[in-house]
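A short write-up of the structure that comes next.
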């Protein structure tokens, strides 16, 4: 309550904010003296009278002991004044007892109110308040102790629950951490990641990127429809070969040759997964399979691959593309059939030793014609190092270079032939599908060495999926769609669904529906590709962290003001390295690991020699 100046004596004791003060002058404003001798001029409403005085010095306000509990028990539940309470507590009402009494009231526990009206709180309220205050003090002490343990990286088992908030930030599920803020650490996913490793909450191997990228981390669990009983062209007498990397688990394409016709057989996923079915909608959300070093997360239920993967069953249903390729590399006599095929599974390495044998030699004649035509049309070839990063059953990191095999080129061109054949088939019949198009890169230089290919890659523009056919500059094709990976990629499945609808006389999706589906699927596919890139980088760096004595070669592919960008072929890894003056493009440099920063996905190397 503000004080009336008319009843405010000189040298009285007043309360200014939460401090005692002595009135030393009256006027439009009241002059008061605070502890330490400081004086202020304040408005009457800014102070509260505690005792009329006289108070010659604030040093008179000495601490006093009173019977607080007895007074509270006597007055419990009633109302009193500062004067009466002071007399009850200290048997006197003096400036010192008034100030000592007010300090008890200001505690807000047993007494609350103003000097003229002090409420004496009931026991139940006081005991509850005491418990809450004790709990708060205990919590604050526990919090300070926890932060000290965090700084020392010496956590107790009960600290694990607190770190969930830091983990959520590290996983991209929140944007704030009270713990990191209190410690003065960066409130970023990388900062949280670093903290969790430092305190031992996460092992260095922990891969946060699937969660951070928001991708599904398990195969969909949806019931599969019964396979359709339908007429198919029987090609089981025609040898068909599914050629993949060693250990591939989702074979969805195979190749045959029949006289001068090349057949590309593709798993007939659309026979089992229809438009707008629960499985199709889930695949559309995911966009593509997720290939992680830890394993594959499929966009389709595992049972789909088990039933339809080519070569996983004695006989497989397929959507087969047949075509002839003339000496100039042009496709003609394109046919598409629903078929039965009997598939033999081989690895690229196995086929590489048999390229001069039948039927691979005949396949090569056709695919090399086609390849020559593509490169004559400006196709780009970037022979940059590639590696496979996998964790074996014992958790060991396996980094295996992928050599540029001729068998891989054979399969690649056969798949591109099928993609062009599917695009022509659909265009001629006005079947709405997503065509894959890519504008030409900036600059016309052709890469012949690592440095020039590295530079050319930066000029490449992304492939887009659109309704109107146009050129794909990187492939050297005037017309192309993706149609050979329906087990792994949603856009291929969509093409298959449209072709199947035309073959069976069913309803086609309209252009607007195709655009909507592709837009949704590309979001999921982009997240999957980003996650794969980050996860591969993570495991490469974990490998280097676990092998600090690694030594290897790097090749200079670009030069900056003080550093060189070096490509490490054995790891398909780029890094910036400080080299001596005079470094040249394509120079080979011996490297050793200097430092690995897992949260930042960064590694520094030092040159040897």
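Read-outs throughout are calculated quantities, based only on the coordinates presented, and are distinct from any laboratory measurement. Quantities reported herein were computed from a predicted structural model and do not represent experimental measurements. A quick note on method: Cβ atoms are made from the backbone with ideal geometry, for glycine too, and the neighbour counts reach across all protein chains shown.
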Based only on the alpha carbon positions, what is the Kirkwood hydrodynamic radius of the range 293-383, in angstrom? 16.3 Å
Counting all Cα-Cα pairs in the range 233-532, those more than 31 Å apart amount in percent to 27 percent
Quickly rank 130-138, 585-593, 597-605 as a protection proxy: mean count of other C-beta atoms within 10 Å, highest first. 597-605, 585-593, 130-138
Quick one: give the max-minus-min coordinate of the C-alpha atoms of the range 464-609 along each principal axis, largest first, in Å. 70, 32, 22
Sort all Cα-Cα distances of the range 547-607 into consecutive 10 angstrom bins from zero, then give the percent of pairs in each bin up to the one containing the longest distance. 23, 58, 18, 1
Mind checking the angle between helix 189-198 and the chain's longest principal axis? C-alpha axes, 0 to 90 degrees, to the nearest 10. 80 degrees
Helix 123-152 vs. the chain, principal-axis angle (Cα, 0 to 90°, nearest 10): 50 degrees
Can you sort 351, 42 so the residue with the fewest Cβ neighbours within 10 Å comes first? 42, 351
For labels at residue 578 and residue 428 in the simple 7 Å Cα→Cβ model, what's the distance in nm? 6.4 nm
Once the piece of chain linking residue 330 and residue 259 is laid out straight, how much longer is it, given 0.36 nm per residue of separation minus the C-alpha distance between them? 23.9 nm
Out of all Cα-Cα pairs in the range 124-202, roughly what percent, to the nearest whole number, are more than 20 Å apart? 37 percent
Highest-first arrangement of 477-486, 192-201, 239-248, where packing means the average Cβ count within 10 Å: 477-486, 192-201, 239-248
Let a ≥ b ≥ c be the square roots of the eigenvalues of the Cα gyration tensor of the range 97-242; is it rounded (a/c under 1.5), or, if not, prolate (a/b larger than b/c) or oblate? prolate
What is the distance, in nm, between label points placed 7 Å from the Cα along the Cα-to-Cβ direction at residue 116 and at residue 511? 8.3 nm
So residue 29 and residue 388, fully extended at 0.36 nm per residue minus their Cα-Cα distance, gain in nm 121.0 nm
For the range 242-393, convex hull volume per residue from C-alpha positions, Å³: 164 Å³
Work out the FRET efficiency for residue 176 and residue 18 from their Cβ-Cβ distance, taking R0 = 35 Å, and round it to the nearest 0.05. 0.60
With a 10 Å Cβ neighbour count serving as the proxy for reagent exposure, in which order, fewest first, do 323, 299, 415 appear? 415, 323, 299
A chain fully extended from residue 296 to residue 606 at 0.36 nm per residue, minus the present Cα-Cα distance, gains in nm 108.1 nm
Counting only backbone N atoms under 16 Å from a point 7 Å out along Cα-to-Cβ of residue 137, the residues of the range 70-110 in range are 104, 107-110
Extending each Cα 7 Å along its Cβ direction at residue 151 and residue 504, get the distance between those two points in nm, one decimal. 6.9 nm
Helix 360-376 sits off the longest principal axis of the Cα atoms of the chain, rounded to the nearest 10 on a 0 to 90 degree scale, by 70 degrees
Over the range 5-123, what per residue volume does the convex hull of the Cα atoms give, in whole Å³? 93 Å³
Under the rule a/c < 1.5 gives rounded, and otherwise a/b versus b/c splits prolate from oblate, where does the range 485-541 land using the Cα gyration tensor? oblate
I need the shape label for the range 353-401. Rule: rounded when a/c is under 1.5, else prolate if a/b > b/c, else oblate, with a, b, c from the alpha carbon gyration tensor. oblate
How do the peptides 562-569, 372-379 rank, highest first, by the average count of neighbouring beta carbon atoms within 10 Å per residue? 562-569, 372-379
What whole-number distance in Å separates the alpha-carbon centres of the range 79-109 and the range 453-482? 86 Å
